[in-house]
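A.B. asks: Encoded as structure tokens, here's the structure I'll be asking about.
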Amino acid sequence: MRILFADRLAESVVKRLRARGDVCEVQPALSAENLPQHIEGFDVLVVRSTKVDAATLNAGDRLGMVLRAGAGTNNIDVGRAGELGIFVCNVPGRNAIAVAELAIGLMFAIDRHIAPATAELRAGDWNKQTYSQARGLYGATLGIVGMGAIGLEVTQRAVACGMRVVVATNPNRNPNTLRQMTELGVQEVPDRATLLAISDIVSLHVPAEEGTKGMVDASFLAAMKPDAVLINTSRGDLVDEKALLEALDSTDLRAGLDVFANEPASGTGQFISDLARHPKVTATHHIGASTEQAQAAVAQGTAEVIEAYRSGEVLHCVNLEAAPKRTATLSIRHYNRVGVLACLLQEMSSRGLNVANMQNRILAGSKAAVALIEVSGSINEELVDLLSALDDVICVAVQDALSLADSQ
């Protein structure tokens, strides 16, 4: 395959893929503006922060997958990719520890005034009385919004510091996450309003999507304790920055931010932000995942996703239909011969059946196979009999039928 890396990754991933015969081009200086002129002829595009817009996707004549070497995909036009049949995948969880370390680090830095104290010492000022005023993290209540891989890593470190961790009840939470929460002593509260009201620190660990963009608005901030701390190491889009500025000016709220709504597109450049310059904000340059350990783990995960794609498996895809529209699953046992599936699909197509999902598994000895075909359309006994009568078809059965039409 031909793979374009539009951001810099650990050299290990490129060496690994080249050793397996892939052609890899590394062009970390590419931007959203000139990426469309360079994407032609590539099967896979790998990015970190570089934006992948519709123009790039439209220009990708061979592009089959866009892979974000990280957890989120908000810098990729996922909708347009889906319209063009391009998989959008990511590498979740590999940088969770690094982001969690920074989130905890921001909590300590805010509580102990590390940034302003360092600035004054460099300026030659000694002000022990001011910088001795710290609450301490031990015994504080930490409310986590988003109990995924990063939320769990933050929880583990917070508990080690003697903090009480609370999270809003979610009936759809993963059972494995619930088990880990129980082991760590996480307390569930009825809803987010309760969490905000009792938390000394609120840490955000959710992706930027339709239901979370701008979630930290004036009402969210008003529901927090007036002297609480807000930590955001997720995405800048989660926060209404104007509302946060007003809250910082009118309350004792403080914030630790690694992300902002309008960050520079490149790794260096001018960044004028009233929020970043606010004296009650401790800020970093979107570096949550930027440790050597995290980058090595992400590089390994990136290689694994690409290698799986080469062999026909799609890992961590974010734009697959969660529940394809289907009426039934056909289980078709057939002899492993050329053209059998083509005949089956032709007959189904002629009767208006659309394939929602399909897999064909060859049994030991390579004599026979079983095709499981999820279809959308009308299934009746006449169709089942017709498919069963095709050459090299052994048996056809309808499984998991959601609706079965009358044969009349």
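The values are calculated or read from the model by the stated rules, or taken from the named source; none is laboratory data. Fair warning: this is a prediction, and the values are worked out from it, not measured in the lab. Cβ: placed from backbone, ideal geometry, glycine included. Neighbour counts: every protein chain shown. Each accessible area value is taken on the protein alone, full model and side chains, heavy atoms only, with ligands, DNA and RNA left out. Shrake-Rupley method; radii C 1.70, N 1.55, O 1.52, S 1.80 Å.
A.B. asks: Counting only residues that are at pLDDT below 95 and over 15 Å from the mean Cα position of the chain (by Cα), give me the strands (runs of 3 or more DSSP E) lying completely in region 32-121 with at least 1 of them. Reasoning before the result, please.
C.D. replies: On the way: elements: 44-47, 65-68, 87-90.
Here the list is empty.
A.B. asks: Can you say whether L253 is in contact with an Asp or Glu (Cβ under 6 Å, 6 or more places away or on another chain), modelled with pLDDT of 95 or more and open to solvent by less than 10 Å² (accessible area, probe 1.4 Å), as far as the supplied structure shows?
C.D. replies: Here the answer is no, as L253 does not meet what is asked.
A.B. asks: Sticking with this one: Return the residues of region 268-282 that are open to solvent by 40 Å² or more (accessible area, probe 1.4 Å) and free of Cβ contacts under 8 Å to residues at least 24 places away in the same chain; say none if nothing qualifies.
C.D. replies: T268, G269, Q270, F271, I272, R277
A.B. asks: Tally up the residues in region 115-134 that are without any contact (Cβ under 8 Å) to a residue 60 or more places away in the chain, in contact with a helix residue (DSSP H, G or I) (Cβ under 7 Å, 6 or more places away or on another chain) and under 28 Å from V165 (Cβ atoms), please.
C.D. replies: Here the count works out to 3.
A.B. asks: Just name the residue that is most open to solvent (accessible area, probe 1.4 Å) out of those in region 283-296 that are closer than 16 Å to A261 by Cα and not hydrophobic (A, V, I, L, M, F, W, C).
C.D. replies: H285
A.B. asks: If you go through region 261-273 one residue at a time, do you hit one that is in a loop (DSSP other than H, G, I, E, B) and in contact with a His (Cβ under 7 Å, 6 or more places away or on another chain)?
C.D. replies: yes
A.B. asks: Only one of these conditions is not met by D258: (1) open to solvent by less than 30 Å² (accessible area, probe 1.4 Å); (2) modelled with pLDDT under 95. Which number is it?
C.D. replies: (2)
A.B. asks: Same structure, new question: Any idea which of Q180, Q129 is polar (S, T, N, Q), farther than 16 Å from A96 by Cβ and in a helix (DSSP H, G or I)?
C.D. replies: Matching residue, one of Q180, Q129: Q129.
A.B. asks: Which pairs have Cβ atoms under 7 Å, sit 6 or more apart or on different chains, and link a residue in region 345-368 that is under 22 Å from T327 (Cα atoms) to one that is open to solvent by 80 Å² or more (accessible area, probe 1.4 Å) and in a loop (DSSP other than H, G, I, E, B)?
C.D. replies: A356/K325
A.B. asks: Which residue pairs have Cβ atoms closer than 7 Å, lie 6 or more positions apart in sequence or on different chains, and pair a first residue in region 195-207 that is within 14 Å of L102 (Cα to Cα) with a second residue that is open to solvent by less than 10 Å² (accessible area, probe 1.4 Å) and in a helix (DSSP H, G or I)?
C.D. replies: Short answer, once both residue conditions are applied: S203/A103; S203/V154; L204/L238; H205/G151; H205/V154.
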